[in-house]
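To start, the structure itself, in structure tokens.
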Amino acid sequence: MSARIFLDTNVLVYAFDDRDRGKQERSWHLLGQAGMEGRSILSTQVLQEFYVIVTRKLERPLAQDTAEEALRLLAKLPVVQVDTPMILSAVRTSRQEKLSFWDALIIRAAIEGGCSELLTEDFQHGRRIEGLLVRNPFRA
């Protein structure tokens, strides 16, 4: 089996945000690959953030029922459950790596999910944290 890839919230949100067609197309491509290859992983945090952002923060928010349907489809991917030990581990990672707690929780979920890569535009492209490679899939 190929290496697992963790999808951060922004990768999912861009699929539903038509302000940047290039990012939207790239996001749909990544989600299509996720479904076909079975390598992509999410976390409960990512699912929660996705719902809030697409229903409240987009220029043209999704209707709640549309967002819920999208959420149900995304939840068919493997999902890492955020639990108390992961939260405590994220606190340590936050301090050690000088990251926000929320970003550290994404890192911990990716590592717990056995991922070798984290796809996001929220971290420095090419950075490695405990063997996890951060890659910006929207980078030119």
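The values are calculated or read from the model by the stated rules, or taken from the named source; none is laboratory data. Being a predicted model, the structure only gives us computed values, none of them experimental. FYI the Cβ positions are ideal-geometry reconstructions off the backbone, even for glycines, and counts take in every protein chain you see.
May I ask you to say which residue of S116, S94 is more than 15 Å from the chain's Cα centre (by Cα) and on the phi < 0 side of the Ramachandran plot? Before you say what the answer is, go through the steps one by one.
Values: S116 fails: more than 15 Å from the chain's Cα centre (by Cα).
Exactly one residue qualifies, and that residue is S94.
Residue check: is R39 surrounded by 17 or more Cβ atoms within 10 Å (Cβ to Cβ) and free of Cβ contacts under 8 Å to residues at least 40 places away in the same chain?
yes
Does at least one position in the stretch 27-37 carry a residue that is modelled with pLDDT of 95 or more and over 22 Å from R139 (Cα atoms)?
no
What are the pairs, 6+ residues apart or on separate chains, where a residue within the stretch 93-110 that is closer than 16 Å to I5 by Cα and touching a residue at least 24 places away in the same chain (Cβ under 8 Å) has its Cβ under 6 Å from a residue that is β-branched (V, I, T) and surrounded by 12 or more Cβ atoms within 10 Å (Cβ to Cβ)?
Correct list of pairs: I107/T93; I107/I129; A109/V80.
Specify the residue that is nearest to I107 (Cα to Cα); the eligible residues are those in the stretch 53-89 that are exposed (fewer than 15 other Cβ atoms within 10 Å of the Cβ) and small (G, A, S).
A75
Filter the stretch 121-140 down to the residues that are in contact with a Leu (Cβ under 9 Å, 6 or more places away or on another chain) and of a type in the set (D, E) and list them by number.
none
Considering every residue within the stretch 111-121, establish whether at least one is free of Cβ contacts under 8 Å to residues at least 40 places away in the same chain and loosely packed, with under 13 Cβ neighbours inside 10 Å.
In the first step, residues of the stretch 111-121 are kept if they are free of Cβ contacts under 8 Å to residues at least 40 places away in the same chain; the result is 111-112.
Subsequent filtering for residues that are loosely packed, with under 13 Cβ neighbours inside 10 Å retains none.
No: zero hits.
Check whether at least one residue in the stretch 65-77 is over 19 Å from D20 (Cα atoms), assigned to a loop (DSSP other than H, G, I, E, B) and among the β-branched types (V, I, T), and report yes or no.
The answer is no; no qualifying residue exists.
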